[in-house]
1. Residues being among the aromatic types (Phe, Trp, Tyr), in contact (Cβ under 8 Å) with a residue 40 or more places away in the chain and either within 12 Å of another protein chain (Cβ to nearest Cβ) or surrounded by 24 or more Cβ atoms within 10 Å (Cβ to Cβ) (or both): count how many of those fall in segment A:225-274.
2. So in segment B:288-303, with the set limited to residues that are assigned to a loop (DSSP other than H, G, I, E, B) and among the charged types (D, E, K, R), which one is surrounded by the fewest Cβ atoms within 10 Å (Cβ to Cβ)?
3. Exactly one condition in (1) assigned to a loop (DSSP other than H, G, I, E, B); (2) crowded, with 21+ Cβ neighbours inside 10 Å; (3) touching a Ser or Thr at 6+ places or on another chain (Cβ under 6 Å); (4) not charged (D, E, K, R) is false for residue A:219; which is it?
4. Here are some conditions: (1) closer than 30 Å to residue A:117 by Cα; (2) small (Gly, Ala, Ser); (3) at pLDDT 90 or above. Residue B:255 meets all but one. Which one does it not meet?
5. Just to be sure, is residue A:5 touching a Phe, Trp or Tyr at 6+ places or on another chain (Cβ under 8 Å) and modelled with pLDDT under 90?
6. Looking only at helices (runs of 4 or more DSSP H) that lie completely in segment B:1-111, which have at least 3 residues being at pLDDT below 80 and surrounded by 11 or more Cβ atoms within 10 Å (Cβ to Cβ)?
7. Listed residues B:170, B:182, B:164, B:201; which is without any contact (Cβ under 8 Å) to a residue 60 or more places away in the chain, out of contact with any strand residue (DSSP E or B) (no Cβ under 6 Å at 6 or more places or on another chain) and farther than 22 Å from residue B:262 by Cβ?
8. Would you mind telling me which numbered condition in (1) within 12 Å of another protein chain (Cβ to nearest Cβ); (2) assigned to a helix (DSSP H, G or I); (3) without any contact (Cβ under 8 Å) to a residue 24 or more places away in the chain; (4) not polar (S, T, N, Q) residue A:147 fails?
Amino acid sequence: MKRRSRRVGDVALSLGTGLAAVLVLLIVAVILGDVAYHGAPHMTLTFLTQAPREGMTAGGIFPAIFGTVALVVLMTLAVLPAGVATAIYLSEYANPGSRVTRLVRVAVNNLAGVPSIVFGLFGLGFFVQFVGAGIDRAFYGGQRVFGQPALVWAALTMAVLTLPVVIVATEEALAAVPRELRLASAALGASRLQTIVRVVLPQALPGILTGAILAISRGAGEVAPILFTGVAYFLPKLPGSLHDQFMQLGYHVYVLSTQSPDVDATRPILYATVLVLLLLTFALNATAVVVRSHMRRRFAGAAS
Amino acid sequence: MAVGLAAPTQASSPSAGSQPVEASGPSNHRRADRPRLASRRPRFHALAEAAIRVLAFSSITAIILIFVFIGKEAWPLLHDSAIWKEVTLAKMWFAQQWPGYDAAEHVWQPVSEIPKYAAWPLVVGTLKVTLVAMLVAVPLGVGAALFVSQYAGRRLREIVKPTVELLAGVPSVVLGFFALMVMATWLQQALGLDSRLNALVAGVALSFAIIPVIFTVSEEAFGAVPRSYVEASTALGAARWQTIVRVVVPAAGPGVAAGIALGLGRAVGETMIVLMASGNAAILSASPADSVRTVSATIAAELAEVVFGGAHYTVLFFLGVLLFAFTLATNLLGEFAIGRMRRRLGGVA
């Protein structure tokens, strides 16, 4: 009797939690299956290389792809130095127990939790209205050039949003570099900075790359932060300078699914756009996973 | 300068009551062995190190700037009498008697002849969607995490964990798209709802975004329970499920709570999913089958079309301050819970 109640409890708990796991798998399978099934037929080369036509019921999504790439490239240029420097400071310079270090860590963790729409408000209030308008007053005699939503402000807003991603990944990479390497470098007379630049950073490079890729994947998928800071509904031209507006894949998905004049005509294009966006983010994430596991294996070998 | 800052003179005072446990142990150790600076250094080294120090404060600076600049745009609501002609804090939070209405009501209608800015329909809408999302995400996230950490074999684990990571990588606009184009129709047909887009659809879609958060943090928490706990329980004759329910879950409790808190913060702040799937009608009701408009979706939908510096603009930034403050609170709560669990388990392991 006792034995049976033991077994019943185990069966119930494993079935219950197992069902939860199966449901999660099912959710992912249904979403990806639906997008792949409906999106794949329309994803052609012309679709990827043409501009939208006829009120976005025909043509392709090239300007949105271009805008997304421009956005994440600029974002990466901004976020990498700040993120890597923070990680270097935390891992190589700071006293781990000190109040300053704890404060930086709390800030990083909280920054990661700030809602993306709040970043959008911040980008508008700070970059566009404050920095941009300030630049216009100083260099353009008050004429509106930078004091409006633009590619550069969207990229900087996205850089602030992805800062925690880069910091966490880089710190992990720096922590994985064996202490012996630092000691050996110091024993040869290298200064701390020389050790960091010549020994630690090259070893940690794959990890830093992982962080950058994850940041790019995040930046490519977020829409809320760029709503007010530079993205445009439709543009006849590609952005040519930092203060131009741009189109973006995620926002294009939003526009197509909520503001289409003809839902049925838009549907194939919409599905194909979603598929492109998903493939892009998954490819980036998969690359990050491969790079990271490669790195772990290397250090596991070095340490033993 | 650099040497002075790095020297181990700033002995950190151990935080209240906590023992220096394994969390800070290895890094302290690493510090002590850190190579000393060579005496001869080119001058640009100091410059580079100064740059590292300055850039290291970028996160703190960002948090402060976010607070200051969102607060700055919301501030006129509290002190500008020109804004007060249209909206005040009291008008946002207390029911108002509007011309054409029978009784005092909470109405969010910022673009009309008489703009009305009642915050409750948005706050209640946010709470409804969040509640639905948590009711779906907590059992699924925690349950799947428990399964993976306690019952699943290696093979199964290597299917579930990457799949959840895959879900975490799906952009929220894609989940919003799926809810809008596919799930809304399914749910409407299955349940016979009046409005296609409602709090239920948005909440379920939102749960897909927070399941990975809750799963990941919970799974880590279950994994962090020392084996000695499980072995001791088994040695006392407890069945597997008894060990799990009475020992593993309580020990990992704070970690799971942290995951739920982080998920909650994410759910309240998430924008694109609710913007696309909630129907965006600011109706004050308790039914999850009604269309709703959340705080975040309101900001996203309306800010692009308002006059800079006007009453509407100010109110939207004020809503942003509320969101920011709420997520900050849930994050700190989650962090506190994780720290507590580390201390508790760290003392034993």
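The values are calculated or read from the model by the stated rules, or taken from the named source; none is laboratory data. Quantities reported herein were computed from a predicted structural model and do not represent experimental measurements. For neighbour counting, all protein chains shown are included, and Cβ atoms are generated from backbone atoms with ideal geometry for every residue, glycine included.
1. Number of matching residues: 4.
2. B:290
3. It is condition (1) that residue A:219 fails.
4. Checking residue B:255 against (1) closer than 30 Å to residue A:117 by Cα; (2) small (Gly, Ala, Ser); (3) at pLDDT 90 or above, the one that fails is (3).
5. Taking the combined requirement at face value, the residue does not satisfy it.
6. On the way: elements: B:2-6, B:25-32, B:43-56, B:58-74, B:76-79, B:81-84, B:89-93.
Fully inside segment B:1-111 and qualifying: B:2-6, B:25-32.
7. Only one candidate passes the filter, namely B:182.
8. Of (1) within 12 Å of another protein chain (Cβ to nearest Cβ); (2) assigned to a helix (DSSP H, G or I); (3) without any contact (Cβ under 8 Å) to a residue 24 or more places away in the chain; (4) not polar (S, T, N, Q), only one is false for residue A:147: (2).
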